[in-house]
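Below is one structure, written out as structure tokens, with a few remarks after it.
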Amino acid sequence: MTAMPPLITPRLIIRPFVLDDLDAYCRLQQASAEGVLSPGEGVATREQCAEWLRWAAANAVQLAQLHQPPYGDRAVTLRSSGELIGACGLVPCIGPFEQIPEVAGGPVSAPLKTASAEVGLFYMISAGQRRRGYASEAAHALIDYAFGELRIHRVIATTTHDNTASQRVMRRLGMQIGRNSFPDPHWLQVVGVRVNPAARPAEMSAS
């Protein structure tokens with residue numbers, strides 16, 4: 001398995017983070033946190049941002065050398081200017097996702113006692129760049145790569161009940177959206193799922 005190349009869309013370039021992204025990444029963290037953090041929570045310091053960037057840059061290289069899936073965040077930049085406006089990526093998710101009927105492929109009568117491992121889709125766009133379709137554009141590119149190059153069977157995305165913006169992105173991505181009807185786990189609220197169209201009918205009916 002090779003490293004994920006930069007993904008180029010009509011308006012964006014999705015690429016690995018590099019250490020030179022530090023100033024822009026700090027601004028992204030600050031802008032994305034506005035109106036989101038709870039009282040008492042703080043925005044990441046510059047050193048914390050630098051530490052994360054060092055990890056993210058090394059992670060992209062090491063996973064490729066180990067022939068592992070390209071898990072991790074990628075920088076979302078504008079083709080026109082190179083400006084860093086967000087982050088997106090494929091991330092490992094573990095949880096009782098199949099207690100969501102849309103993931104299980106049918107009704108679920110009780111909460112699950114076991115968890116499943118899924119490929120999750122992550123996206124975040126700076127507050128000043130939202131409502132322009134950038135999240136959907138970046139996420140579409142990731143899904144196309146995941147289905148076409150990695151041949152992943154399905155991807156999921158999660159969000160909260162009140163995050164209608166993220167749910168709109170899921171719908172634009174062609175995801176089925178399901179809600180957890182059970183109280184636990186508290187973080188499992190809304191899940192979007194999309195199955196690779198190359199899957200055989202039997203595989204799709206089992207998803």
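The values are calculated or read from the model by the stated rules, or taken from the named source; none is laboratory data. Computed from a predicted model, the values in this text were never measured in an experiment. A quick note on method: Cβ atoms are made from the backbone with ideal geometry, for glycine too, and the neighbour counts reach across all protein chains shown.
Could you tell me which numbered condition residue 53 fails, if it satisfies all but one of (1) part of a strand (DSSP E or B); (2) at pLDDT below 95; (3) not acidic (Asp, Glu)?
Tallying (1) part of a strand (DSSP E or B); (2) at pLDDT below 95; (3) not acidic (Asp, Glu), residue 53 fails exactly one: (1).
Kindly indicate which of 154, 131 is modelled with pLDDT under 95 and either crowded, with 17+ Cβ neighbours inside 10 Å or on the phi > 0 side of the Ramachandran plot (or both).
The unique qualifying residue is 131.
Quick check on my filter: what residues within the range 34-50 are surrounded by 12 or more Cβ atoms within 10 Å (Cβ to Cβ) and modelled with pLDDT of 80 or more?
44, 46, 48, 49, 50
Which of the following residues is under 17 Å from residue 5 (Cβ atoms), of a type in the set (Gly, Ala, Ser) and modelled with pLDDT of 95 or more: 60, 138?
Just a single option satisfies the conditions, and that option is 138.
Kindly indicate whether any position in the range 151-159 is within 19 Å of residue 76 (Cα to Cα), among the basic types (Lys, Arg) and touching a helix residue (DSSP H, G or I) at 6+ places or on another chain (Cβ under 9 Å). Reasoning before the result, please.
Let us first name the residues in the range 151-159 that are within 19 Å of residue 76 (Cα to Cα), namely 157.
Narrowing further to those that are among the basic types (Lys, Arg): none.
No: the range 151-159 contains no residue that is within 19 Å of residue 76 (Cα to Cα), among the basic types (Lys, Arg) and touching a helix residue (DSSP H, G or I) at 6+ places or on another chain (Cβ under 9 Å).
Filtering the range 90-126 down to residues that are among the small types (Gly, Ala, Ser) and touching a Leu at 6+ places or on another chain (Cβ under 8 Å), which residue is nearest to residue 59 (Cα to Cα)?
Per the criteria, the residue is 120.
Filter the range 63-80 down to the residues that are assigned to a strand (DSSP E or B) and aliphatic (A, V, I, L, M), then identify the one that is surrounded by the fewest Cβ atoms within 10 Å (Cβ to Cβ).
Initial filter on the range 63-80 (assigned to a strand (DSSP E or B)): 71-78.
Filter once more, keeping what is aliphatic (A, V, I, L, M): 75-76, 78.
Values: 75: 25, 76: 30, 78: 15.
Of everything passing the filter in the range 63-80, 78 is surrounded by the fewest Cβ atoms within 10 Å (Cβ to Cβ).
Checking residue 104 against (1) hydrophobic (A, V, I, L, M, F, W, C); (2) at pLDDT below 95; (3) within 30 Å of residue 2 (Cβ to Cβ): exactly one of these is not met. Which one?
The number of the failed condition is (3).
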